[in-house]
Amino acid sequence: MIVDSVSSPCRDGFQLAATLRRPASTRAERGLVIINCATGVAARYYRRYAEFLTEQGMAALTWDYRGVGDSRSESLRRRRIRWRDWGELDFDAVATWARARDPQGLVAAVGHSIGGFLPGFAEAAPRVDRYLTVGAQYAYWRDYAPRSRARLWIKWHLAMPALTALGGSFPGRRLGWLEELPAGVAYEWSVRGARMERSYPPDERAGVLARFAAVRSPIVAVAASDDEYATLSAVRRALSYYCSAERKCLSLSPEELGCAAIGHFSLFHVSRREPFWLATVSWLRDGVNPWPWALHLPPAPDSFADTRK
């Protein structure tokens, strides 16, 4: 395996920090996988999964959003960063870089949590050949699991914005609640409603929806049956924005993966190397859904409010 540090420039001049892992022989390489982080999770969390993908003959690019991990260059109190920027500017730059690296080769993307939703903001998103999303949602609180809804609402929609207002950024690392987050990201998370686009000015909403609708790359969206954040309802709500793509929505249970629990984070633990990691290669490299028994219908046009509004 060869490991290279990569700097990916965004349209606004910001330089993202990324790491490219690839097979030792370029002849053995069978495509590139971009790995998008969850909110407040640094790229290093996905290192083992990236290394596994190189063992399967694929290059893997891990990278940090602006303001997080190795892409944090200054105090967050001086940075106005939104979730939307992570897609519109950051993922756009990464996807553009990946396609330029191999114009005719396979480029796939894995997105964890918000990392599976934000590609829709990017102009370059249609240039990715296929997507695998894991627990992808945008934190609409009514979609949280009923048993956890009150606790999660207090934590993320009451305590987080209050602490952010006091300190100018969300002190997640000091609290043991993920990484430190830019204020814009923390506020956007805390005020998300059923309709994502209503977080933005009215004159920008049609453009946001058009970006999502422009993505025609096939998507396999995985929900864990015991995920208190990304319930099946939350995953289907996020997937509904990709209205032009071929979409497969899947629900996996701990029993199906031979474990006691899955939750929101464990699918990227090394303990999930088999069977989950191995199964993802079938989709990412070969375009074959490895979980046909877990298939749920994709969002119907009237499953949620009309995405054009």
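The values are calculated or read from the model by the stated rules, or taken from the named source; none is laboratory data. Bear in mind the structure is a predicted one, so any value in this text is a computation, not a measurement. Because the Cβ atoms are built from the backbone with ideal geometry, glycine has one as well, and the counts that use them run over all protein chains shown. Calculation scope for accessible area: heavy atoms of the full protein, side chains included, ligands and nucleic acids excluded. Shrake-Rupley method; radii C 1.70, N 1.55, O 1.52, S 1.80 Å.
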Total charge dipole magnitude, the range 38-138, about the Cα centre, Cβ charges on Lys, Arg, Asp, Glu only, Debye to nearest 20: 400
Kirkwood-based Rg to Rh ratio, the range 52-117, C-alpha trace: 1.02
Spacing of the two label points (7 Å from each Cα toward its C-beta) at C243 and R147, in nm: 3.6
Residue with peak Gaussian network fluctuation, the chain [Cα springs, cutoff 10 Å], from S169, S225, S25: S25
The range 179-309 - Debye-derived log10 I(q)/I(0), Cα point model, q = 0.14, 0.19, 0.20, 0.21 Å⁻¹: -0.76, -1.20, -1.25, -1.30
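Quote to one decimal, in nm, the extra length available between A100 and R48 on full extension: 0.36 nm per residue of separation minus the C-alpha distance between them.
Going from the current span to full extension adds 16.2 nm.
Using only the Cα atoms, work out Rg/Rh for the range 120-176, with Rh taken as the Kirkwood radius, to two decimals. Mind showing how you got there, number by number?
Working: Rg = 15.8 Å, Rh = 14.2 Å.
A ratio of 1.11.
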Highest average packing first - 8-17, 36-45, Cβ atoms within 10 Å: 36-45, 8-17
Per residue convex hull volume, Cα atoms of the range 143-247, in Å³: 120
Ratio Rg/Rh [Cα only; Rh per Kirkwood] for the chain: 0.93
For the chain: accessible area per residue (Å², 1.4 Å): 42
Cα-centred dipole magnitude for the chain, charges only on beta-carbon of K, R (+1) and D, E (-1), debye, nearest 20: 480
Fully extended contour minus Cα-Cα distance, from A24 to A165, at 0.36 nm per residue: 46.0 nm
